[in-house]
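Undergrad: Below is one structure. I have some questions about it.
The values are calculated or read from the model by the stated rules, or taken from the named source; none is laboratory data. What you see is a predicted model; the values in this text were computed from it and never measured. Quick reminder, even Gly has a Cβ in these numbers, built from the backbone with ideal geometry, and neighbours come from all protein chains shown.
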Amino acid sequence: MSVTGLPPKETINGLASSYATPQTVAPFIASEFGVEATRSDYEFLRRLYNFTPEKMNRWALSPATHYRESMLLTIKSAALLPWADSGIFNIRNSEYAGFQQGSPDARPVGIVLTLYSENGGVEFVFSQKKYQNPAGVSQAEINCVIQSVRKPTVAEVQR
């Protein structure tokens with residue numbers, strides 16, 4: 001398992017630097033998902049992951065609508081890891097909310113947990129390629145990790 005710290009709004013800021021400028025990305029996200037989606041990576045990704053081809057406006061007369069919706073699906077496909085094919089799940093504990101990409105029942109090569117708070121986040125990658133247990137990591141083990149994550153106290157940070 002590997003763990004990575006995430007700065008606040010890393011996804012939104014990364015999107016801005018990859019596709020356009022912050023001045024154009026924030027209005028685009030706000031127009032598609034609402035202003036709340038620009039305030040945190042969790043809210044943006046929650047709305048992006050819930051956008052599916054079935055929700056596209058196929059009968060829109062404006063080519064701009066089709067372009068925007070196609071762009072959203074392109075961003076979604078780039079944001080997801082291959083392991084998400086077996087499922088994307090909402091996860092949370094008392095201090096964090098996020099997503100699990102991959103179902104242990106499908107035995108993907110890896111499972112990723114990404115947890116967000118307003119001050120940043122943390123990402124866990126469970127690599128199952130050489131995992132000791134032949135059954136792989138269980139959902140119960142993943143749930144233990146999710147429930148154990150907490151924000152450090154000021155004293156812990158100052159050490």
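Undergrad: Could you list, in sequence order, all residues of segment 116-154 that are charged (D, E, K, R) and in a loop (DSSP other than H, G, I, E, B)?
TA: Result: Glu118, Lys129, Lys130, Arg150, Lys151.
Undergrad: A further question on this structure: Report, ordered by the first and then the second residue, all pairs with beta carbons closer than 9 Å, sequence separation of six or more or different chains, a first member in segment 34-63 that is more than 26 Å from Ala97 (Cα to Cα), and a second member that is among the hydrophobic types (A, V, I, L, M, F, W, C).
TA: That search, which allows pairs on different chains as well, returns Met56/Leu72; Met56/Leu73.
Undergrad: For Glu69, indicate whether it is modelled with pLDDT of 80 or more, more than 21 Å from Gln100 (Cα to Cα) and buried (at least 17 other Cβ atoms within 10 Å of the Cβ).
TA: yes
Undergrad: Right, next: Taking the criterion of being free of Cβ contacts under 8 Å to residues at least 12 places away in the same chain and polar (S, T, N, Q), would at least one residue in segment 101-121 satisfy it?
TA: Scanning segment 101-121, I find no residue that is free of Cβ contacts under 8 Å to residues at least 12 places away in the same chain and polar (S, T, N, Q), so the answer is no.
Undergrad: Would you point out the residue of segment 56-115, among those that are of a type outside the set (A, V, I, L, M, F, W, C) and part of a strand (DSSP E or B), that is farthest from the chain's Cα centre (by Cα)?
TA: Gly110
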